[in-house]
Structures are given as structure tokens and as C-alpha cells.
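Read the figures in this text as sums done on the coordinates, not as results from a lab. Source: prediction; values computed, not measured. Note that each Cβ is placed from the backbone with ideal geometry, even for glycine, and that neighbours are counted across all protein chains shown.
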Amino acid sequence: MRDNPHNLNRSPWSSLLADIEDYIERYRKAYSPHSAEIKAYSLRQFLAYLQEYRISEWTLCDEKVIRNYIIYRSKTSPASGQKPLKSSSMQTQLASIRLFFDDLVERGIISHNPAKLVKPPKSSKRLPSVVEVDLLEKILNRPPTNEHEVRDRAICELFYSSGLRLAELQALNLHHIDFDDYEVRVIAGKGDKDRIVPVGRKAIDAIQAWLPIRQEWMAEKGVLGFEKALFLSERGNRLSARQISTRVKRYAEESGVNINLHPHLLRHSMATHVLESSQDIRLVQELLGHADISTTQVYTHLDFGHLTKVFDAAHPRARKKKEDD
């Protein structure tokens with residue numbers, strides 16, 4: 001695309017840009033920054049397309065325009081260097097456009113949502129990659145060689161134990177971990193719905209091994225009593241999502257396992273291993289925080305007592321110590 005939507009302030013498309021920026025600003029107040037950035041990127045890409053095809057009013061955006069945009073993004077453009085979007089990315093863009101047009105309808109700018117009838121492209125059914133249990137055992141059972149690795153093993157254990165998303169683990173504070181009941185409270189995860197997830201014994205042990213180091217680092221940087229983050233850097237700051245991903249990958253590499261380990265791979269592996277062991281799809285649904293088992297099934301809650309019981313029996317690293325241990 002030739003034009004940049006950031007340079008539209010003095011063009012016929014300035015009012016369209018203003019509508020998008022107003023929408024994103026309101027969206028940021030209700031949803032996570034990551035979600036808002038995805039919406040902003042999708043809508044700015046759409047606006048650049050409208051500018052290229054000289055469509056300067058929302059009322060001119062009909063079903064055909066939106067469908068043509070989806071087709072356009074699915075193709076390679078040698079002139080602009082554009083690569084075709086994956087079907088999942090196009091679904092995300094279309095969802096962002098639909099929500100935005102819903103907002104325009106509510107504000108009375110347009111009379112109906114033209115994106116409602118546009119069908120998203122079908123996603124491929126490729127199954128996510130999974131790390132075998134024996135390889136994960138090799139990674140997680142390796143004794144840490146320094147303080148950073150004590151923290152990093154706790155991060156890996158918690159990802160694999162509870163199947164958290166990267167953003168969810170990054171946002172954890174110390175008080176979100178219940179060491180007595182082996183639980184973690186996930187605050188405002190995807191879908192803005194809190195949930196409580198069981199934590200395996202090995203993850204709890206790894207976190208407890210990390211806490212004295214955390215305490216020491218905070219004391220050295222003068223943030224003791226102020227910083228609430230569960231996982232932080234030696235500087236006393238909450239680890240960023242990028243830092244966490246880097247440390248997970250490095251911890252696996254130092255274990256001598258030739259895989260590109262990342263948080264989402266640990267999440268997928270946890271879900272697969274628990275499902276294989278328990279044959280309980282609703283258990284996995286609860287653990288991962290999915291609203292639906294599939295796009296056509298209605299979400300069904302499990303009794304949390306049953307959830308914990310099945311989790312303890314099914315997860316390869318969740319079994320708690322016996323009372324006489």
C-alpha cells in the first residue's frame with residue numbers, strides 16, 4: 001500500500017482516521033494493551049486500503065468493499081512487498097473491522113454493519129506442536145546453575161503446570177499464588193475473565209526456591225515492599241513478555257534439548273498431555289480459560305473440586321507430596 005494512515009491528518013480520510021483513533025482510545029480503557037494494539041493495527045491497515053481505493057466515507061464501505069479487502073490481504077503484492085496473511089490473521093482483522101463497524105452503528109455514523117455478512121476465511125486444522133513428556137522432564141529436571149536459572153525454571157514449570165498464556169504469567173503478582181491450596185489466580189486474561197487454575201507441586205516447589213532470590217534482588221534495588229511482580233529482573237523490575245520468552249528458550253537450550261521452546265508451546269504441551277491422560281476435554285477447557293470447547297459448543301463449567309482432583313491425577317508434574325513425605 002502506498003500511503004501511510006499516520007499521514008492522513010490533512011486529507012479526505014482524516015475524519016476516518018479520527019474515528020479509528022477515538023475507538024482505539026476507548027477500547028484501551030476496557031481491554032488489555034495487547035488487544036488494543038491488534039485492533040489498532042488491523043484498522044489502520046484497512047484504512048490504508050480505503051485510501052488506496054479512494055473510499056473516503058464509512059457509508060461507502062459496503063459488504064463488497066470489505067470482502068474485496070479480505071481477498072486483497074490474502075494475495076501477494078510485489079509492488080508494495082505485501083505478503084499474504086494467514087487465514088487466522090485475516091480472521092483477526094475481520095473481527096476487528098466488525099467490532100469497529102458495530103461501534104459506528106451505535107454512534108449513528110452508519111445505519112448497519114456491512115461486515116456482518118462477510119465470512120472469514122477458514123483456518124487450517126493443523127495441530128499445534130507438542131513437546132514429548134520425556135523431553136520436558138529433561139528440561140525441567142535439570143538443576144539450575146545460577147540465580148537467573150532458578151527463576152527461569154520456576155517460569156517454565158508454571159507455564160507447563162498451569163497452561164498460562166504469556167501475558168497472563170507476565171502479569172502475575174506474588175499474591176496471586178496460593179501456596180496452601182496449590183492454585184494461581186489469573187487476573188483479566190483473554191476475554192477479561194478471571195479464573196483460578198491448579199498449580200502442580202513441582203511448580204510450587206520451583207517458585208518457592210525462587211522467592212528468596214526475588215527478595216534479595218528487590219532489597220538490593222530498594223524496591224522491597226513496592227514491587228509486586230512474581231517474576232522480575234535483577235534490576236528489580238517486572239520481566240517483560242519478550243524477556244520471559246527469551247529466558248524460556250535459553251533454559252531449554254542450556255538443557256541440551258534441540259527444540260525452540262516458547263511459552264505457547266509449553267501451554268499446548270500441557271493441554272495435550274492432560275487430555276491424553278484424563279480424556280476430559282472440559283478439564284482442559286477450564287485450565288486454558290477457553291470460553292468455548294469449539295466454535296459451535298457452549299461453554300460448560302466444571303465443579304472446581306472435580307477440576308483440581310482430575311488435574312492432580314492427570315498432570316505428569318502435578319502430583320502433590322503424600323502427607324507422610
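Simple point charges give the picture: +1 on the Cβ of Lys and Arg, -1 on the Cβ of Asp and Glu, and for segment 155-288 a dipole about the Cα centre of about 480 debye.
The slack between ASN146 and ASN173, meaning 0.36 nm per residue of separation minus the straight C-alpha distance, is 7.4 nm.
Across segment 5-106, counting alpha-carbon atoms alone, Rg and Dmax equal 13.3, 39 Å.
Since only ALA30, ILE20, LEU47 are under comparison, the one whose Cα sits farthest along the positive direction of the charge dipole of segment 5-106, derived from C-beta charges on Lys, Arg, Asp and Glu, is LEU47.
Please state the equivalent ellipsoid semi-axes for segment 87-169: what are the square roots of 5 times the Cα gyration tensor eigenvalues, largest first, in whole Å?
So the equivalent ellipsoid measures 45, 18, 7 Å along its semi-axes.
Applying both filters, DSSP loop and at most 13 other Cβ atoms within 10 Å, to the chymotrypsin sites (Phe, Trp or Tyr not before Pro) of segment 217-282 gives PHE226. Taking the number of Cβ atoms within 10 Å of each Cβ as an exposure proxy, the fewest-first ranking of ILE109, ILE213, ILE71 is ILE71, ILE109, ILE213.
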